[in-house]
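Worksheet: one structure, shown below.
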Amino acid sequence: MTLWDVVVIGLTITAVGLAFYLGVQTAYRRTDQKLVLANARLVELLRQRREQWETVFDTITDGIAVLNEKHEVQRANRALLDTLEPSGTGAHLCETLFATPTHMHDLLRTVTETGTRHTMTAPARQGSRQLRVTVAPLREQTTRKGRTVVVIEDVTERQAMQGRLIHNERMAAVGQLASGVAHELNNPLTSIGGLAELLVARESLSGRDLEHLSVINEQATRAKKIVRNLLAFARPGPDEMADIDLSKLSKRAAQLIEYDLRLRKVDLEEDYSADLPAVRGDRHQLQQVVINLLTNAVQAAEQNADNRRPVVQINTGVNDGTAYIRIFDTGAGIPTAALKNIFTPFFTTKDTGKGTGLGLSISYGIVKGHKGTLIVESTGVEGTTFKLDLPVYVDDASGPVSRPSDSGGFQVLPRAPGANVLIVDGDPAIRRTIETLFSGEDQKVDAMASADQAIEKLTTGGVDYDLVIADPRTATSQGESFAERLVNQWPALKSKTVLVTADVRPETGRWLDGLGCRVLRKPFNINELLKAASEMMQDGASKKTGTN
C-alpha cells in the first residue's frame with residue numbers, strides 16, 4: 001500500500017467522520033428546536049393557568065391567606081389584602097384582624113400540632129362584625145413546617161338572620177304561651193274586677209274601703225293589660241284610647257310601687273307638672289310602662305356600688321308640643337356594650353333568673369304604638385335617665401286638650417229595667433258576677449252552667465229573653481257549641497246575644513265574626529257589658545214598638 005493510498009483512506013475516513021458528526025449535530029439541532037418549542041408552549045400554558053388561578057383566587061369574596069410558622073401573612077387574595085391594609089403581606093393576621101388574637105393563635109397552634117382542620121367564629125377587631133375562620137395545615141414536601149391555610153368568612157349578616165329567625169320562633173312561642181295564660185286568667189280576672197266594681201258602686205262603703213276596692217279593680221285591669229301586651233308580640237291588639245294626664249298617671253304608678261321602695265330602702269323624689277296638657281292613649285298600657293321604668297330604676301338604685309343614697313326621681317313636663325316623663329336613678333349606669341340592645345326582646349343585663357328581657361321591649365313597643373319615643377337620655381357612673389315623650393293631644397275643633405278625663409274612677413251604669421236575661425257559662429264565678437249585675441226586683445235572670453240546660457230552657461221554658469249572655473265555647477253533650485246552636489235554631493236572638501270569651505286565639509276571633517253576634521273579651525269592664533246590653537235591648541224595644 002502506497003502512501004497515497006494511506007492518504008486517500010485517511011481522507012475518506014475523515015470525510016465519513018465529518019459527515020457523521022455534521023449529521024448528528026443537525027439532528028441535535030432539530031431536537032433542541034423541538035424541545036425549545038415544547039418548553040415555550042409549556043411555559044405559556046403555565047402562565048395562563050397561573051393567571052386564571054390568580055384571577056379566581058382574587059375574585060373569591062372570602063379572605064384566603066397562607067401563614068408561616070409565625071402566623072404572618074405570606075400570600076393573600078385581594079379580599080383579605082383590602083381588609084389588612086395598610087399592613088398587607090407580612091402582617092400578623094391574629095393581631096391585625098381579630099378582637100381576641102389569643103384565641104386565634106391557639107387555634108393555629110392546634111392545627112399545626114394535630115394536622116387537622118378546625119373552625120371557629122370570632123369577633124373582628126374593628127366594628128361589630130363576626131368572622132368565621134377555617135384553618136387547615138399546608139401540606140408540603142419540604143422542610144418548612146407550621147405553614148397553614150386560613151379561610152375567613154364574614155358571617156355577620158348570617159348570624160343576624162339566624163337571630164331574627166330565633167326571635168320569630170320565640171315570639172311565636174310567647175304568643176302560644178300567652179294565649180293559654182290569657183284563657184286561664186281572663187275568667188278569674190273578670191270576676192275579680194266585676195265584683196269589685198259592683199262593690200265600689202255601693203254608697204254604704206267608707207272612703208278607705210272604697211279606695212281598697214278601687215285598687216283591686218285597677219290591678220285586675222292591669223293584669224288583663226299585661227296579658228294583652230304579651231299577646232301583642234304575636235299579633236297586634238286594639239287600644240282603648242282616652243285623654244290622659246301624665247302627671248296623674250305617673251303619681252298613681254309611683255303609689256303602686258311604694259311597697260317596693262320601702263322594701264329596698266330607696267327614696268323617691270317626685271316633681272309633677274300641675275298644668276300638663278293631655279296625651280291620647282291607653283291609660284293602663286302607659287301606666288304599665290311607667291311602673292316598669294320605675295321598678296327598673298329602683299332595682300338599679302339599690303344595687304349602686306358606692307355609698308351614695310339610693311334615689312329615684314320622676315318628673316313630668318311639656319316641651320314643644322310633647323309631654324314627657326323623665327325617670328332618673330342613682331345606679332351604676334348601663335354598660336356601653338348593652339346600650340344598643342337595651343330594647344331588644346329577651347335581652348337583659350340582670351343575673352340569670354332575675355329578668356326576662358321583655359320589660360323594656362314591651363314598653364318600647366307600647367310607646368311606639370302611641371307615636372311616642374322611649375330613650376336612654378343619659379347613663380354613667382352617676383346614674384341613668386330614661387325619658388318617655390308623647391305628643392300632646394290636639395282636638396281638631398278646640399285645640400290641645402287641657403283637662404283629660406282619666407281620673408281612674410268609674411261609675412256603674414244603671415241596669416236595664418224589666419229584662420229577661422239568660423246567662424250560659426261553665427265558670428260559676430262568671431255566672432255569679434253577671435247574675436249579680438243584672439238581678440233586680442223587676443228582672444228575671446236564668447243562669448245555666450251547661451249548653452244542654454240552656455237549650456232545654458229555650459225550648460220548653462216559654463220565656464221571651466231580652467238578652468242572652470253566653471260563653472260561645474260552652475258545648476252540648478253532643479259536642480256542638482251553644483253559640484252555633486243558638487244562631488241556627490233561634491236566629492231572632494242573634495241581635496240580642498252577647499258572646500263573652502276568654503279565648504284570644506286568632507282563629508276563635510274569625511269564628512266569632514262569622515256568627516254575627518256582639519262579642520266582648522274577658523275580662524271585660526262591667527260598664528262595657530251594661531252598655532252593650534242597654535243598646536241591644538233599646539234596639540229590641542224600638543223594633544217592637546215600630547219607633548226609631
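Just so you know, all these numbers are worked out from the coordinates, no wet-lab data involved. Here the structure is a predicted model, which is why all the values come from computation and not from measurement. Cβ atoms come from the backbone with ideal geometry, glycine included; neighbour counts cover every protein chain shown.
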Report the label-to-label distance for Ala429 and Thr114 in nanometres (one decimal), using points 7 Å from each Cα along the Cα→Cβ vector. 5.8 nm
Please state the relative contact order of the range 295-345 as a whole percent: Cα pairs under 8 Å, 6+ residues apart? 37 percent
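Test of understanding: what is the full-extension gain from Ile375 to Gln74, defined as 0.36 nm times their sequence separation minus their Cα-Cα distance? Could the numbers behind the result be given before it?
Numbers: separation 301, 0.36 × 301 = 108.36 nm, distance 4.86 nm.
Gain on extension, Ile375 to Gln74, equals 103.5 nm.
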Roughly how many Å is it from the Cα centre of the range 452-498 to that of the range 105-163, as a whole number? 70 Å
Would you tally the net charge around Thr433, using a Cβ to Cβ cut-off of less than 10 Å, leaving Thr433 out, and scoring K and R as +1, D and E as -1? -2
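Highest first, please rank the peptides 120-130, 320-330 by the mean number of other Cβ atoms sitting within 10 Å of their residues. If you can, show how the numbers build up before the last one.
Details: 120-130: 14.1, 320-330: 19.4.
Per-residue Cβ counts within 10 Å, averaged per peptide and sorted highest first, yield 320-330, 120-130.
Using Cα pairs closer than 8 Å and at least 6 residues apart in sequence, work out the relative contact order for the range 432-539, in percent.
Values: 103 pairs, mean separation 23.6, N = 108.
Reported as a whole number, the value is 22 percent.
With a Förster radius of 25 Å, plug the Cβ-Cβ distance of Ala201 and Met241 into 1/(1 + (r/R0)^6) and report the FRET value to the nearest 0.05.
0.50
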So, in Å, what gap is there between the alpha-carbon centers of the range 238-314 and the range 507-526? 34 Å
Here, Asp452 and Glu528, labelled 7 Å along Cα→Cβ, have an inter-label distance in nm of 3.3 nm
